[in-house]
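So the structure is just underneath, and the comments pick up after that.
The values are calculated or read from the model by the stated rules, or taken from the named source; none is laboratory data. The structure presented is a predicted model; accordingly, all values stated were derived computationally and were not measured. Cβ coordinates were reconstructed from backbone atoms using ideal geometry, including for glycine residues, and neighbour counts include every protein chain displayed. Quick note on the areas: whole protein, heavy atoms, side chains included, nothing else; ligands and nucleic acids left out. Shrake-Rupley method; radii C 1.70, N 1.55, O 1.52, S 1.80 Å.
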Amino acid sequence: MELSDKELKVAALENGTVIDRIPSDQLFKVVSLLHLDTMDKSITIGNNLYSHKIGKKGIIKIADTFFKEEDIDKIAILAPKAKINIIKDYQVVHKQEVSLPDQLHDIIRCANPKCITNNEPMATKFDVIDKENVTVKCCYCEQAISKEQIKIK
Amino acid sequence: MRKESLVSITDYSKDEILEVLETAKLFEANPNRRVLEGKVIATLFFEPSTRTRLSFETAVNRLGGRIIGFSDASTTSSTKGETLKDTIIMVSNYVDLIIMRHYLDGAARYASEVSPKPIINAGDGSNQHPSQTLLDLYSIYKTQGTLENLNITMVGDLKYGRTVHSLLMAMSHFHPTFHFVAPEELKMPDEYKVYCDKLGIPYEEHRDFTEDIIDRADILYMTRVQRERFTDLMEYEKVKNVYTLRNAMLAGSKPNLRILHPLPRVNEIAYDVDDNPKAYYFEQAKNGLYTRQAIICKVLGIKITD
Ligand SMILES: [Zn+2]
């Protein structure tokens with residue numbers, strides 16, 4: 001089920017961002033990835049809603065907050081099919097899909113325990129080698145990491 | 001990262017690889033050239049590797065440079081909990097170049113990012129060992145007279161053997177045909193086969209190590225099949241002698257065939273092969289000296305012309 005403009009209005013978000021089509025099991029990871037847990041704006045979270053596109057989905061509405069593109073693109077790691085709706089004055093003024101950036105800076109952890117990044121206090125860096133299947137490659141140990149192995153830092 | 005550092009073989013283009021090999025040839029003709037006079041080079045071996053360290057230190061000595069460093073991490077401040085970054089920055093205050101080996105994957109890449117002086121990676125965990133790859137290439141170049149259009153047959157542990165992966169990447173510039181001979185548990189990982197497919201490089205996979213395969217090869221690159229790599233020890237017992245090269249197997253091989261091995265060997269090359277003129281693994285190790293001299297000069301921007 002896609003949210004219609006009407007339903008977004010029902011949620012009474014005057015201004016802000018709606019993140020839709022998050023897989024249910026990834027919802028709270030998205031919350032922490034965007035640091036919503038430390039935010040003081042009003043946030044509405046729905047989970048285990050039915051979606052014919054992805055099965056069970058979650059949705060997050062954040063009032064009076066507009067993310068930078070690079071921040072919002074991070075969530076493609078967890079929810080590659082997520083949809084972003086920008087709301088201004090109760091209207092959806094912009095819709096966009098997320099897309100993985102070419103490089104991930106200090107967002108995820110390397111799955112290789114012998115990687116230098118897991119043994120030094122340092123930032124991680126990954127090249128995204130397959131945007132479709134979310135496969136990334138550590139710029140240090142050069143190992144490829146699949147979607148299932150990805151852990152947020 | 002500083003452009004001059006050599007961390008991974010993929011840091012070098014085809015032309016840069018050839019430049020190193022040409023310089024290595026000049027060093028083989030005359031290994032004693034005092035081009036590092038007045039320079040201090042660090043060899044930092046966080047993990048011991050006598051073979052590689054002696055080769056690099058001989059290279060520096062024959063170039064007239066001075067060496068500081070350590071050969072074992074237990075004697076260094078890293079055992080006191082100092083970070084790699086701090087150690088590298090401290091040492092870079094004293095030297096013109098850092099040659100390092102480390103037990104962690106990616107350590108050399110990170111060092112090259114934090115160091116104001118160039119880094120040569122002498123092995124980082126199970127990841128990269130580019131000077132080994134360049135000496136393998138030099139050995140192939142020298143014995144075949146070219147790197148182009150060769151049949152490269154890799155035998156043994158093709159899953160964990162980093163030398164075969166790096167050699168595959170480096171040879172991909174030169175239109176090779178690959179043959180991968182390995183047991184099921186140790187076969188060439190898909191990512192390298194996909195890499196070959198993308199570049200249109202032909203390859204064949206084999207379970208059995210037969211004379212038919214040997215007879216077509218220009219280079220036979222042997223690797224160790226180690227017991228600890230097997231989850232099923234029955235499987236190891238079954239295959240451990242299947243990938244051993246014996247002299248009799250070379251009867252029908254090409255005259256230009258050469259047998260390479262990164263050494264040390266265990267039982268994958270029988271001792272009766274050593275006296276065959278096609279056995280090249282001991283000269284291969286010696287080529288490491290000239291290749292490392294060439295790498296050091298390239299990294300420091302020193303041109304050798306005659
Ligand atoms: Zn890594």
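Side notes on the structure shown:
- Residue within region B:178-197 that is under 19 Å from the mean Cα position of the chain (by Cα) and either open to solvent by 20 Å² or more (accessible area, probe 1.4 Å) or within 14 Å of chain A (Cβ to nearest Cβ) (or both) present: yes
- The combined condition, being closer than 21 Å to B:K142 by Cα, aromatic (F, W, Y), buried (at least 19 other Cβ atoms within 10 Å of the Cβ) and in contact (Cβ under 8 Å) with a residue 40 or more places away in the chain, is fulfilled by B:F174.
- Just one of (1) within 20 Å of B:L289 (Cβ to Cβ); (2) crowded, with 16+ Cβ neighbours inside 10 Å fails for B:E22. It is (2).
- Residues in region A:71-95 that are closer than 16 Å to A:K53 by Cβ, open to solvent by 40 Å² or more (accessible area, probe 1.4 Å) and either among the polar types (S, T, N, Q) or not in a strand (DSSP E or B) (or both): A:P80, A:K81.
- Residue satisfying condition, being away from the ligand (no atom under 11 Å from the Cβ) and either more than 8 Å from chain B (Cβ to nearest Cβ) or surrounded by 13 or more Cβ atoms within 10 Å (Cβ to Cβ) (or both), within set A:K125, A:K114, A:K151: A:K151
Rundown of residues vs (1) within 14 Å of another protein chain (Cβ to nearest Cβ); (2) open to solvent by 10 Å² or more (accessible area, probe 1.4 Å), yes/no style:
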| residue | (1), (2) |
| --- | --- |
| B:T87 | yes, no |
| B:N93 | no, yes |
| B:R109 | yes, yes |
| B:D124 | yes, no |
| B:P130 | yes, no |
| B:E148 | no, yes |
| B:G156 | no, no |
| B:A170 | no, no |
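- Long-range neighbours under 6 Å by Cβ, at least six apart or interchain, first residue over 15 Å from B:L84 (Cα atoms) within region A:116-139, second among the hydroxyl-bearing types (S, T, Y) and more than 8 Å from the ligand (Cβ to nearest atom): A:I129/A:T135; A:T135/A:S146
- Options B:E47, B:E57, B:E37: the member that is surrounded by 16 or more Cβ atoms within 10 Å (Cβ to Cβ), part of a loop (DSSP other than H, G, I, E, B) and of a type outside the set (A, V, I, L, M): B:E47
- Of the residues making up region A:96-111, those that are within 14 Å of chain B (Cβ to nearest Cβ) and open to solvent by 80 Å² or more (accessible area, probe 1.4 Å) are A:H105, A:R109.
- Selection count where residues are within 11 Å of the ligand (Cβ to nearest atom) and assigned to a strand (DSSP E or B), scope region A:128-147: 5
- Residues (away from the ligand (no atom under 16 Å from the Cβ), among the hydroxyl-bearing types (S, T, Y) and in contact (Cβ under 8 Å) with a residue 60 or more places away in the chain) located in region B:88-117: B:S115
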